[in-house]
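Only one structure is covered here, and it is reproduced in the block below.
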Amino acid sequence: MNAKSLAFCALLGVATALGARAQETVTATGTAAILDKDAAQARDRAVESALRAAVERVVGTMVDSESLVKNNDLISDKIYTQTRGYISNYTILSETPDLEENIYSVKVEATVKEGNLADDLNSLGLLMRRMNMPRVAVALQEQDSTASDQILKMLKDRGFLVVDTGESAKSQGFWAMPEGQQADLMNKYGAEVVVLGSARGQAGSNVGGSSLISYQANVSLKALKTDTHELLGAASGSGAAVNVGDAGLAQALRQASTVAGNDLIRQITNQWAKEASSTRMLTLVLRGVTPARAEEVARRLREEGRGIQEVIVRESFGQEATLDVSMQGDAAALAQELTKVFPKARIVSQTANRLTASL
């Protein structure tokens, strides 16, 4: 494949990722004063008010109330002034011109581009605050640090907190570990998310008999929660460059890293937005329980736990059981519900997405 073909494939990959972004449909109402009997102008303002209200509703599900109050001016300036940019389409459900009160009311059903909103909230640091500021580590199998340096730069530029793992992620021993053990090790370094992957580049032939050399590169990435090993996203990218010497190889690697990194970051922020606005999957490890007792705990949490949607006993052996819990909130919220339903429960350990307790 030549350089132009590789570049086209890279652009196609970006376009495909952009097209797959999350959306949410909400209903909202807007009003505007009818001035100088100009109902048409009031109608336009009422529609804009309704669309802003729709975006505000979605923002409210992604950002905690304290951050909304503290950052109201910032959100108004950066988000609400660009309402139309977050609306993919809308339908007017009803409209009422009240000529006696001089008020025009409009009710709309709007589809909000949740992915775009998540990106911009993340760039303001608000989405990550809602997710308790998760820290990210990067570990790539690569010839040099070109690809990982590019991914780290992209993460920092987007406001992510990055953990330095030193040389541990570059050793042969690390790459001999199963993926779960790699995630566990990154968790010990304080990372809640780890980006694992590989970066490969190679030189091709000389271009047209000149001293210029064609280079190709491929980067594959996946992001995991380090405490539960849940997959947050996976992406790959390719790059191509023509240059003299190793500069072309580095250029191709940066290009491939940028394509893969943009896609992965998008998937991470989209997943966080979903978890912030609805439910997330948590792991609950129970000690001192028989299989029958584990099933009882699952049933009572489903029936009595606030915000808990589903509880499934994934495995139970001896006196220990592992449960998957789908709920609104993180492991701290799960700990509150567990001790409320079972007052004698003792919390052993807790991370963002994993809770260990004894009964």
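The values are calculated or read from the model by the stated rules, or taken from the named source; none is laboratory data. These figures come from a predicted structure and were not determined experimentally. Cβ coordinates were reconstructed from backbone atoms using ideal geometry, including for glycine residues, and neighbour counts include every protein chain displayed.
Could you please find all residues in segment 275-293 being more than 29 Å from residue 233 (Cβ to Cβ), touching an Asp or Glu at 6+ places or on another chain (Cβ under 9 Å) and surrounded by 15 or more Cβ atoms within 10 Å (Cβ to Cβ)? I'd like the intermediate steps shown before the answer.
In the first step, residues of segment 275-293 are kept if they are more than 29 Å from residue 233 (Cβ to Cβ); the result is 286-293.
Imposing the further condition that a residue be touching an Asp or Glu at 6+ places or on another chain (Cβ under 9 Å) reduces the set to 286-289.
Selection gives 286, 289.
Residue-by-condition table, conditions (1) at pLDDT below 90; (2) in a loop (DSSP other than H, G, I, E, B); (3) surrounded by fewer than 12 Cβ atoms within 10 Å (Cβ to Cβ):
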position: 4; (1), (2), (3): yes, no, yes
position: 9; (1), (2), (3): yes, no, no
position: 17; (1), (2), (3): yes, no, no
position: 26; (1), (2), (3): no, no, no
position: 29; (1), (2), (3): no, no, no
position: 32; (1), (2), (3): no, no, no
position: 37; (1), (2), (3): yes, yes, yes
position: 43; (1), (2), (3): no, no, no
position: 46; (1), (2), (3): no, no, no
Whichever residue in segment 224-234 is without any contact (Cβ under 8 Å) to a residue 60 or more places away in the chain and in a strand (DSSP E or B) and, among such residues, is surrounded by the most Cβ atoms within 10 Å (Cβ to Cβ): 224
Residue tally, condition modelled with pLDDT of 75 or more, assigned to a helix (DSSP H, G or I) and under 18 Å from residue 118 (Cβ atoms), over segment 63-75: 3
Qualifying residue in segment 92-100 (condition: among the β-branched types (Val, Ile, Thr) and within 24 Å of the chain's Cα centre (by Cα)): no
Filtered residue count, segment 236-271, keeping only those that are more than 23 Å from residue 125 (Cα to Cα) and of a type in the set (A, V, I, L, M, F, W, C): 10
Pairs where the first residue, in segment 289-304, is among the basic types (Lys, Arg) and the second is surrounded by 15 or more Cβ atoms within 10 Å (Cβ to Cβ) and assigned to a helix (DSSP H, G or I), C-beta under 9 Å, 6+ apart: 300/341
Every residue from segment 290-340 that is in a loop (DSSP other than H, G, I, E, B) and of a type outside the set (Asp, Glu): 290, 305, 306, 307, 318, 319, 328, 329
Residue check, residue 271 assigned by TED's automatic domain parsing to the domain that holds residue 229 and without any contact (Cβ under 8 Å) to a residue 40 or more places away in the chain: yes
Those residues of segment 83-120 which are surrounded by fewer than 15 Cβ atoms within 10 Å (Cβ to Cβ) and polar (S, T, N, Q), in sequence order: 88, 89, 91, 94, 96
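Those residues that are within 20 Å of residue 230 (Cβ to Cβ) and in a loop (DSSP other than H, G, I, E, B), I need them from segment 341-359; list them, please.
Matches in segment 341-359: 351, 352, 353.
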Check on residue 334, touching a residue at least 24 places away in the same chain (Cβ under 8 Å), out of contact with any Ser or Thr (no Cβ under 9 Å at 6 or more places or on another chain) and within 19 Å of residue 229 (Cα to Cα): yes
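Being in a helix (DSSP H, G or I), under 25 Å from the mean Cα position of the chain (by Cα) and in contact (Cβ under 8 Å) with a residue 40 or more places away in the chain is true for just one of 261, 248, 237. Which residue is that?
Of the residues listed, the single one that is in a helix (DSSP H, G or I), under 25 Å from the mean Cα position of the chain (by Cα) and in contact (Cβ under 8 Å) with a residue 40 or more places away in the chain is 261.
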Residue count, segment 180-212 (criterion: surrounded by fewer than 19 Cβ atoms within 10 Å (Cβ to Cβ), assigned to a strand (DSSP E or B) and touching a Gly at 6+ places or on another chain (Cβ under 9 Å)): 1
Conditions (1) more than 13 Å from the chain's Cα centre (by Cα); (2) surrounded by fewer than 19 Cβ atoms within 10 Å (Cβ to Cβ); (3) touching a residue at least 12 places away in the same chain (Cβ under 8 Å): number failed by residue 133: (1)
